[in-house]
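The values are calculated or read from the model by the stated rules, or taken from the named source; none is laboratory data. It should be emphasised that the depicted structure is a prediction, and the values quoted were computed from it without experimental measurement. Don't worry about glycine lacking a Cβ; one is built from the backbone with ideal geometry, like all the others, and counts go over all protein chains shown. Ligands, DNA and RNA are stripped out before the accessible areas are found, and what is left, the full protein with its side chains, is counted by its heavy atoms. Shrake-Rupley method; radii C 1.70, N 1.55, O 1.52, S 1.80 Å.
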Amino acid sequence: MRPLMLTLGATLLIAALALIALDPLLLPAQVQSQELKESLKHWVTATGLDTVVLLFGLAAVLLLAAALGVVFATRTRRRRERQSEEGHIAPETPRTLAMARWIEEGRQLFTLWQERVERLDELQHRLTATALEIDQLRAHVIYLSQEGEAILLERDQLRSVLARIGVLIERASEVRPGAVGGATPEVGP
């Protein structure tokens, strides 16, 4: 872009100088009508400026425009270079080294925290599953304790029935010898 602007500025400068040099030859060919020629002369004499001075002023303006174009083109090129170099930080100074180190540490911390958050999510899912399993086990323990109480009641009932049977067996064994022992048949001679 810069060479183009320099070429343009040089071309305009050369053109302005050529116009200054060729002014006596070109002015009559350009102005066809006498009225236009008269009005141009009248304007030039009214302002008090000579044609050479006007052309020199025009050349100066064109040169200034070319210089400004070069300045703006250079600024644009530098801005593009900075934007392209932003991704590629070359650690040339201690400040850029420190910034690069901080950026790298920040990336590492971010990665570490991201891993920890993922681990935390995994642990929360496992904790939720464990809590659900604990609730299921509690329900099962309650069911088993109710079953155990029912079995204890049955055991107590069976013990009472066995105790009663034992009492009845004792009574039956006590009653029989007394009823049979009072009179035994005698056998004769």
#### Entry: Projected-area mean, the stretch 74-168, by convex hull of Cα positions, square nanometres
11.6 nm²
### Summary
Counting only protein heavy atoms and leaving out ligands, DNA and RNA, the solvent-accessible surface of residue 173 at a 1.4 Å probe, in Å² to the nearest 10, equals 70 Å²
### Summary
For residue 120 and residue 100, extending 7 Å from Cα along the Cα-Cβ vector and measuring point to point gives, in nm, a value of 3.3 nm
